[in-house]
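Note sheet for the following structure.
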Amino acid sequence: MADLLQPASVDEVAHALAHASRAKLRVAVHGGGTKVGWGPPPPADVGISTRRLDAVVAHRYGDLTATVQAGATLAAVNRELARHGQWIPLDPPSADRATIGGIVATNDAGPRRHRYGTPRDLIIGIDIVRIDGTAAKSGGIVVKNVAGYDLGRLMTGSFGSLAVITSATFKLYPIPAASRTVVIDVSEDARLKGSRHLTDTRSASLSGERPFDRLDAVVSSLLASQLTPTAIELETKPLRLLVRFESIEAAATEQARQATRIAESNGAGTTIVAGADETALWEAHERRAWEDDGAVIKLTLLPKDLSATLAWLASTGEAWEMIGRAGVGALLLRVDGDAAAQARVLKDLRARFAPGRGSAVLVRGSEALKALVDVWGPPGDSLPLMRAVKQQFDPEGLLNPGRGPFGL
Amino acid sequence: MHAAFLAALERIVRRDAILRDETELLAYESDGLARLRERPGLVVLPNSAEEVQGVVRACHEHGVAFVARGHGTGLSGGALPVPGAVLIVLTRLNRILDVDIPNQRITVEPGVVNLEVSRSVGAHGFYYAPDPSSQQICSIGGNVAENSGGAHCLKYGFTVHHVVGLELVLPNGEMVHVGGSAVDLPGLDLVGVLVGSEGTLGVVTKATLRLLRIPETVRTILAAFESTEAAGNAVSDIIGAGIIPAAVEMMDRLTVEAAEAAVHPNFPKAEAVLIVELDGSSAEVHEQFRVVEEICHRRGGTDVLIARNDEQRARIWKGRKAAFAAMGRVSPNYYVQDGVIPRTKLPEVLRRIRELEVRSGLRIGNVFHAGDGNLHPLVCYDEGIGGQGELAEQVAAEILTYCIDAGGSITGEHGVGADKACQMPKMFGAADLETMLLVRSAFDPRGLCNPGKVFPTPRLCGEVPGPYRQHPVERAGLAERF
Ligand SMILES: Cc1cc2nc3c(=O)[nH]c(=O)nc-3n(C[C@H](O)[C@H](O)[C@H](O)COP(=O)(O)OP(=O)(O)OC[C@H]3O[C@@H](n4cnc5c(N)ncnc54)[C@H](O)[C@@H]3O)c2cc1C
């Protein structure tokens with residue numbers, strides 16, 4: 001195990017990195033450690049943890065902005081911001097352990113990205129330290145700012161391959177007053193439910209492609225409507241949608257009612273959930289993709305391609321489960337079975353997408369599986385450019401070696 | 001221009017797509033910042049992405065610098081020609097390539113006019129959110145380069161929030177695709193870096209954009225206040241009530257007068273006019289609008305005007321969006337600034353601007369995006385009066401120092417360009433600028449793409465203030481060649 005340094009200031013980070021780069025030591029950066037399974041673990045000579053950099057530097061609630069250090073957990077930050085009724089509206093899994101730095105580095109987000117986007121949409125400033133110990137910043141503390149290149153966005157999703165993030169500034173939102181979730185069951189036609197005259201052929205077709213068509217119809221109708229949900233989440237066991245509305249009380253309830261009507265007109269069954277039940281529902285939802293064994297694939301696609309992808313998965317004969325952002329097209333697919341079967345699913349899935357129309361990245365998998373497939377998938381024609389950026393920031397490849405996208 | 005280079009260009013584009021005639025070049029000497037002028041070496045008007053690629057490749061091969069230009073409405077001299085360089089004008093790449101309503105995407109060429117995008121999908125109930133006041137005349141390519149904003153960006157974000165994929169010709173002539181139409185494609189967020197890079201990293205030849213559903217309800221209120229402070233307090237209360245309006249705009253007496261003279265929106269004659277627009281679900285908008293109305297009254301708002309229909313709303317926006325252009329009615333020349341401050345610092349910064357107005361003797365109008373603290377001070381001057389142009393420039397630069405003092409930025413949406421490159425060291429340290437230039441070196445190692453913009457150079461800024469060090473490309477003498 002490599003040495004783990006826990007710097008308590010930006011100067012200490014700079015000092016540690018400058019030393020590492022002079023001595024040509026490979027450095028692995030750690031946040032909360034919630035995503036170390038993503039991609040191969042970097043071979044490192046020294047580890048740097050951001051844990052002790054955990055302050056909320058400033059909460060400018062009148063301006064709806066906050067500057068926070070990289071090692072603070074999202075949950076801790078949001079607890080602090082809640083004192084003025086505000087938050088960073090990100091809800092990736094394990095918010096109690098995931099650090100701001102890690103969330104930015106992986107551009108991770110949860111169901112509410114349907115409305116609020118991902119870290120790259122909320123970040124307005126960043127402080128970093130380069131491998132040679134140079135501390136630099138871009139952006140600032142104002143929500144609108146186009147002076148200079150946007151290093152904040154360059155760092156989001158870089159998996160720590162370019163520099164160490166020491167703090168970030170976000171634009172904030174007011175915490176909504178009320179919430180309702182409509183659970184939309186598309187697994188069988190609610191209009192036929194309870195009918196005793198179902199023929200066998202009919203029930204067979206219900207378990208086949210029909211529910212996916214219904215899913216597509218409901219998602220499409222919701223997207224085409226003027227409703228403003230904060231989340232449109234898919235679950236496949238059973239096949240259903242969780243559609244959340246967060247606003248003032250009157251609007252959350254009214255919109256939930258309208259969503260119910262849309263779902264029912266497409267033959268889906270609905271239940272409106274609120275209060276403690278709603279909280280429990282979302283907590284269970286968050287755990288879904290990661291709790292059980294199996295390979296986990298982060299899948300992105302255009303919303304209209306979702307139901308065909310599900311139908312294809314159902315036809316593979318493998319055991320799988322999917323959850324995620326149906327309205328945005330960012331999902332997590334868990335595949336059971338042996339490595340060979342998982343690899344087949346991953347490869348076939350990638351082959352379904354024309355360039356730019358979808359991606360499948362392996363975010364959790366056995367060593368056996370990783371030996372069979374490429375974690376990131378086909379890179380497209382901009383990979384040389386990404387390599388050139390990495391080369392500029394970290395010419396000797398000392399920072400989080402191999403951990404960046406496509407092994408940058 | 002070398003004959004060999006010209007011959008190469010003629011093999012790529014039609015002869016009439018190359019402008020060299022002095023009088024023809026005249027129209028391209030400046031962009032929306034007319035104060036800065038340069039004669040381009042020549043102008044090319046390619047007709048396709050392939051032609052753009054051919055032109056850039058020829059530039060690369062012959063070591064000729066180039067500058068991309070959209071519709072030339074930029075206000076920071078971003079499309080200002082560089083002497084001896086090629087100006088690549090993208091107005092002929094104006095096709096809408098793909099409309100995908102179910103997935104809420106549209107793919108367009110860079111010369112497409114901003115408003116065209118919304119027009120082309122309006123019948124389906126969708127629109128493109130970023131709405132610069134220049135939206136009838138500016139291009140998507142220019143918007144991407146500047147990360148343009150608009151009145152409604154407070155709630156819906158800027159260009160960067162609405163671009164999902166780009167096709168780009170790199171300065172070495174290679175064509176690459178970054179992002180796509182699906183979200184979160186793996187890799188570095190190069191879209192995030194390219195948007196707002198002011199044409200210094202390559203030439204955009206296609207953009208895939210996100211479309212939004214037209215909201216169920218829109219409500220607009222206009223109120224007059226006896227001071228900008230009072231109007232500012234109303235804005236604070238609105239934000240404090242947990243409301244994120246679609247837009248919050250403020251105009252002061254001078255800009256209201258100018259707008260009145262130009263487009264007759266019939267605004268009240270007051271020290272400050274505040275426009276607040278809410279949109280979204282009916283239930284939410286109705287409840288929150290009531291709160292906004294109450295706040296406006298409580299903070300001393302008079303002449304409250306609530307748009308009763310689309311026509312009334314359109315008139316309010318016409319008055320606001322005409323504000324810049326209308327300044328011509330009250331002053332022979334004006335200089336627009338684009339500084340940003342944390343919204344809560346508004347009273348303090350406005351007070352300093354007023355003191356400066358008195359001290360300098362130049363009138364300064366103020367029209368701003370009050371929700372996000374983006375000021376647009378309009379410094380009025382008369383070029384005919386000796387020295388006033390320079391004075392206006394100094395006054396504008398001083399306003400930017402107030403913004404920086406308040407923790408803000410020198411530009412919120414117009415870009416640094418050639419105009420403010422020398423101000424960058426006031427906002428960023430040497431290490432910050434040097435780190436940004438690493439990105440530049442990755443994309444454009446030879447410094448051929450829109451040189452001299454965004455980053456300070458000794459040639460432009462003389463002795464560069466602060467401890468700024470030269471970029472290696474400059475040191476090698478490459479970037480200073482033109
Ligand atoms: C009256 C008026 C009102 C305005 N209001 C606003 C406003 O509300 N909000 C706002 O944000 N701006 C505003 N602007 C500024 C301006 O309209 C925007 O910056 C706009 O995006 C510029 O677009 P353009 O096509 O005119 O670009 P140009 O001026 O031609 O170019 C601007 C920059 O973009 C680069 N560029 C252009 N096309 C490409 C391409 N295809 N690839 C790479 N780089 C490219 C150029 O090199 C240059 O650096 C206003 C301007 C005017 C005149």
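The values are calculated or read from the model by the stated rules, or taken from the named source; none is laboratory data. None of the values given here were measured: they were computed from a predicted structure. A quick note on method: Cβ atoms are made from the backbone with ideal geometry, for glycine too, and the neighbour counts reach across all protein chains shown. Keep in mind that these areas ignore ligands, DNA and RNA; they rest on the heavy atoms of the full protein, side chains included. Shrake-Rupley method; radii C 1.70, N 1.55, O 1.52, S 1.80 Å.
Which percentage, to the nearest 5, of the DSSP beta bridges contained in segment B:18-117 is antiparallel?
On the way: 7 of 14 bridges.
In segment B:18-117, approximately 50 percent of DSSP beta bridges are antiparallel ones.
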Write down the percent of antiparallel bridges among all DSSP beta bridges whose residues are both part of the protein assembly as shown, to the nearest 5. 90 percent
Which residue fluctuates the most in chain A, going by a Gaussian network model with Cα springs under 10 Å, if the choices are A:Val77, A:Val183, A:Val57? A:Val57
Measuring from label point to label point, each 7 Å out along Cα→Cβ, what is the B:Thr23 to B:Arg290 span in nm? 6.7 nm
Want the number for B:Arg37 to B:Asp100: 0.36 nm per residue separation, take away the alpha-carbon distance, what's left? 18.6 nm
What spacing in nm lies between the two simple spin-label points modelled at A:Glu12 and A:Arg52, each 7 Å away from Cα in the Cβ direction? 0.2 nm
For segment A:317-375, count the residues as N, evaluate 2.2 N^0.38 Å, and divide the Cα radius of gyration by that value, please. 1.12
More than 20 angstrom separation, counting every C-alpha pair in segment B:3-89; what % is that? 28 percent
Could you check the spin-label model distance between B:Arg354 and B:Glu311? Points 7 Å from the Cα along Cα→Cβ, value in nm. 3.8 nm
Cys in chain B lacking any partner Cβ under 4.7 Å -> B:Cys59, B:Cys138, B:Cys153, B:Cys296, B:Cys380, B:Cys403, B:Cys449
Shielding by other protein chains, B:449-455, mean Cβ within 10 Å: 1
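A:Ile126: net charge of surrounding residues, Cβ under 10 Å, Lys/Arg +1, Asp/Glu -1, itself excluded?
Details: positive: A:Lys137, A:Arg153; negative: A:Asp127, A:Asp150.
Within the 10 Å Cβ shell, the charges total 0.
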Gyration tensor verdict on chain A (Cα atoms; rounded if a/c is under 1.5, prolate if a/b is larger than b/c, oblate otherwise): oblate
With r defined as the distance between the Cβ atoms of B:Thr217 and A:Asp213 and R0 fixed at 22 Å, what FRET efficiency is calculated, to the nearest 0.05? 0.10
One can check that the equivalent ellipsoid of segment A:3-175, built from the alpha-carbon gyration tensor with semi-axes equal to the square roots of five times its eigenvalues, has lengths in Å, largest first, of 26, 17, 14
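Say R0 is 41 Å: what FRET efficiency, to the nearest 0.05, do B:His62 and B:Thr401 get from their beta-carbon distance?
Efficiency for this residue pair is about 0.50.
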Only Lys, Arg, Asp and Glu count, each charged at its Cβ (+1, +1, -1, -1), so figure out the dipole size of segment B:331-419 about its Cα centre, rounded to 20 debye. 400 debye
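Does segment A:202-298 come out rounded, prolate or oblate by the C-alpha gyration tensor, with a ≥ b ≥ c the root eigenvalues, rounded set by a/c under 1.5 and, if not, prolate when a/b is larger than b/c and oblate if not?
Oblate.
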Ranked by GNM mean-square fluctuation in chain A (Cα springs under 10 Å), the top entry among A:Ile232, A:Ile272, A:Ile123 is A:Ile272
To the nearest 20 debye, what charge dipole does segment B:217-324 have about its Cα centre, counting +1 at the Cβ of each Lys and Arg and -1 at the Cβ of each Asp and Glu? 240 debye
Length-normalised contact order of chain A, Cα under 8 Å, at least 6 apart, in percent, tallies to 17 percent
Using a cut-off of 14 Å between beta-carbons, work out the net charge of the residues near A:Gly275 (Lys and Arg +1, Asp and Glu -1, A:Gly275 not included). -3
In debye, nearest 20, what is the charge dipole magnitude of segment A:3-156 about its Cα centre with +1 on Lys and Arg Cβ and -1 on Asp and Glu Cβ, if you could check? 280 debye
Long-range HN-HN contacts of B:Val164 with modeled amide H, under 5 Å: B:Thr208, B:Leu209, B:Arg210
Percent of Cα-Cα pairs more than 42 Å apart in chain B, please. 17 percent
Select from B:Val285, B:Ala307, B:Trp317 the residue farthest towards the positive end of the dipole of segment B:275-329; place +1 on Cβ of Lys and Arg, -1 on Cβ of Asp and Glu, and compute about the Cα centre. B:Trp317
Projected-area mean, segment A:176-392, by convex hull of Cα positions, square nanometres: 14.9 nm²
Of all the C-alpha pairs in the protein assembly as shown, what % are more than 34 Å from each other? 53 percent
Picking from A:Asp54, A:Asp381, A:Asp216, which is most flexible by a Gaussian network model of chain A using Cα springs under 10 Å? A:Asp381
Let a ≥ b ≥ c be the square roots of the eigenvalues of the Cα gyration tensor of segment B:187-283; is it rounded (a/c under 1.5), or, if not, prolate (a/b larger than b/c) or oblate? prolate
In the A-B interface, the accessible area buried, summed over both sides, Å² (probe 1.4 Å): 6200 Å²
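Mind giving me the FRET efficiency for B:Glu390 and A:Arg83? R0 is 56 Å, r the Cβ-Cβ distance, nearest 0.05 is fine. Please report the intermediate quantities before stating the final value.
On the way: r = 50 Å, r/R0 = 0.89.
The computed FRET efficiency comes out at 0.70.
Please compute, for peptide A:128-136, the average count of beta-carbon atoms on other protein chains lying within 10 Å of each residue's beta-carbon.
Averaged over the peptide's residues, the number is 3.
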Of all trypsin sites (Lys or Arg not before Pro) in segment B:398-455, the ones in DSSP coil with at most 13 other Cβ atoms within 10 Å are none
Under the definition of partner shielding as Cβ atoms of other protein chains within 10 Å of a residue Cβ, what is the mean value for peptide A:45-58? 0
